[in-house]
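Reading through the structure tokens given below for one structure.
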Amino acid sequence: RLESLEESSKSLTRDLIKQDKSFDDFARGQLKLLHDLSGSAFINHYDQQQTSTTLTTNISQLINDWKATAQHISEQTSLLNEITSKTIIDSSKRLTLALANVTNAIKKREQSLNDYIKIQHKLDKMNEKLGSS
């Protein structure tokens, strides 16, 4: 049962680390996409045309709004990852270590108990021999 808890704790830690990495990758990917889109020929073409200023303003404004939102998402993702690391991942690692220590202590206790039982049997046999003599 302890081994199951220990494995679950390790699995939770691994999954949360993967989640944090995925969130970071998403935020970076979105910022890269916006950077590439801002420098694209498509956007530059419409920015340079003065005939459809409303379209240019709308596209530029949408990209700027998206950039601001993506930056905010990136900052919040970093904050979430930091909180997750401090509250869950670190605690899970400590729990895993504690469970491993408990498991080792139980194994040592069982070994000591087995050793005691063996010695007790030997003592009983010696007492029987002494008692029958």
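The values are calculated or read from the model by the stated rules, or taken from the named source; none is laboratory data. Note that the structure is a prediction, hence the values are computed from the model and not measured. Cβ sites come from the backbone with ideal geometry, for glycine too, and all protein chains shown count toward neighbours.
Of the residues making up the stretch 73-96, those that are of a type in the set (Lys, Arg) and either surrounded by 12 or more Cβ atoms within 10 Å (Cβ to Cβ) or at pLDDT 90 or above (or both) number 1. Just so you know, in the stretch 48-72 the residues that are surrounded by 11 or more Cβ atoms within 10 Å (Cβ to Cβ) and assigned to a loop (DSSP other than H, G, I, E, B) include one that is modelled with the lowest pLDDT, and it is Ser52. Within the option set Asn81, Asn101, Asn64, Asn127, being closer than 30 Å to Glu3 by Cβ, without any contact (Cβ under 8 Å) to a residue 12 or more places away in the chain and not β-branched (Val, Ile, Thr) holds for one residue only, Asn101.
Does Lys21 qualify as being among the basic types (Lys, Arg) and modelled with pLDDT of 90 or more? When the stated conditions are applied, Lys21 passes them. Would you mention how many residues in the stretch 3-46 are in contact (Cβ under 8 Å) with a residue 60 or more places away in the chain and loosely packed, with under 12 Cβ neighbours inside 10 Å? Of the residues in the stretch 3-46, 1 are in contact (Cβ under 8 Å) with a residue 60 or more places away in the chain and loosely packed, with under 12 Cβ neighbours inside 10 Å. Here is a check on your reading of the model: is Leu99 touching a Leu at 6+ places or on another chain (Cβ under 8 Å), more than 30 Å from Arg28 (Cα to Cα), at pLDDT below 90 and not in a loop (DSSP other than H, G, I, E, B)? When the stated conditions are applied, Leu99 passes them.
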